[in-house]
1. What strands (runs of 3 or more DSSP E) lie completely within region 122-166 and have 3 or more residues being open to solvent by 80 Å² or more (accessible area, probe 1.4 Å) and not β-branched (V, I, T)?
2. Taking L172 as meeting all but one of (1) out of contact with any Ser or Thr (no Cβ under 9 Å at 6 or more places or on another chain); (2) assigned to a helix (DSSP H, G or I); (3) more than 18 Å from F23 (Cβ to Cβ), write down the number of the exception.
3. Could you look through region 175-189, keep only residues that are over 30 Å from G265 (Cβ atoms) and outside any strand (DSSP E or B), and pick out the one that is least open to solvent (accessible area, probe 1.4 Å)?
4. From F192, F229, grab the single residue that is within 30 Å of A131 (Cα to Cα), in a strand (DSSP E or B) and within 19 Å of the chain's Cα centre (by Cα).
5. Could you please give the count of residues in region 195-226 that are in a strand (DSSP E or B) and small (G, A, S)?
6. So how many residues does region 60-100 have that are open to solvent by 70 Å² or more (accessible area, probe 1.4 Å), more than 30 Å from A20 (Cβ to Cβ) and within 22 Å of the chain's Cα centre (by Cα)?
7. Consider D39 carefully, then state whether it is closer than 22 Å to G221 by Cβ, assigned to a loop (DSSP other than H, G, I, E, B), of a type outside the set (G, A, S) and without any contact (Cβ under 8 Å) to a residue 60 or more places away in the chain.
8. Among the residues of region 230-267, write down those that are under 21 Å from L218 (Cα atoms), in contact with a strand residue (DSSP E or B) (Cβ under 6 Å, 6 or more places away or on another chain), of a type outside the set (G, A, S) and surrounded by 15 or more Cβ atoms within 10 Å (Cβ to Cβ).
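The values are calculated or read from the model by the stated rules, or taken from the named source; none is laboratory data. Here the structure is a predicted model, which is why all the values come from computation and not from measurement. Cβ coordinates were reconstructed from backbone atoms using ideal geometry, including for glycine residues, and neighbour counts include every protein chain displayed. For accessibility, only protein heavy atoms count, side chains too; no ligands or nucleic acids. Shrake-Rupley method; radii C 1.70, N 1.55, O 1.52, S 1.80 Å.
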Amino acid sequence: MAITAFKILIIGAGPAGTAAAIFASRQGWEVSLLDRRSDLFVAEQTQPKVGESLPPSIQPLLLDLAIWEDFQKALHLPTYGIKSRWGSDKVVHRDYLVHPLGHGWHLDRQVFEQQLVRKAIDSGATLLSGAIIQEANFDANKWHVTWQVANEQQAQKTFDFIIDASGRNAWLARRQGIDRLYEHQQLALIRFLKTPPDFSDSTGLIETTPNGWWYTALIPGDRLSTAFFCRPGKETRQAWGTEAGWEALYANAPSTAARIAKTNGVLTSPRFVAADSSRLESFYGPGWVAIGDAALTLDPVSSHGITMALVTARDAIKAIRGKQDGLADAFASYDAVLTATFYQYAQQRMQLYQSERRFPGSSYW
């Protein structure tokens, strides 16, 4: 009698979902990778992707995913450190050259995600792009899922397990009644600028102001990624999202203003995106587990977003495998590790923010 393959559905083809698909395929499972986007392989997307920094410590994970060689061949930019003006007027430089694994990288985020998707497909995963889930019902230890792709007929399939890698939306977890707990709520006002060929400063730059803090970084394609992390009210948000409002914000950040002054054009208008610190009340339930941003989001000051996406993907697959092998506490252990990680991070974030005392009376600090 033939043994039926373990069927797993992964919702979301971002870094977490694609990494999970790679690790899951190695288990011999039948993996379906579903994403509502239909432009995963479009050469140039309208809005560049946010989240462009990887620390040197990412190298072992990229080796484990078997994309290290392809990663090195891509035009991701080496970065040799981070400059910060935080808690004082002095600029502090944290140099990656002392790290045993060398420099970090500023990514072409779109290229990086496409590398992961291709590796997932090459590993055996089936990509369902442009797909929107209509129903996902768990009955008799099986998931019965219906989805729609554009104008095609609805498709249905039964799965043994689902991984929620749908990002901050946590599509599946929310439908299981799982609450999201917020440790620190904020937004990021992002914009991408053009840089001239002689713009050579590859360090990340962090700088605080009375209303929040700036992060800027040179990324591939002669572009400067800029983000202002803040907590504006409704009226303030409308004002800051304008050209004049955006310019007024970096006027309070001399190092950032000097860097922006070296750019030679704009690529996008200012726009707000979510940048809160949050976690699910529970990271798993009957027949499902959450990974990446669906599970937890960390303040970008930690620079661990993509790293956590890949780590949670790897560890979730280990938990599923462990459960199959008879480890009763496999998912409880996964949950405990993520819970401890989140609250350790939250304590460190609070200490770091409290160290910025130059702006008494600020609503941000």
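1. Those strands (runs of 3 or more DSSP E) span 131-139.
2. (1)
3. Out of the qualifying residues, it is I178.
4. Answer to the check: F192.
5. 4
6. 1
7. So D39 passes the test.
8. The answer is L249, N252, T256, R259, T263, L267.
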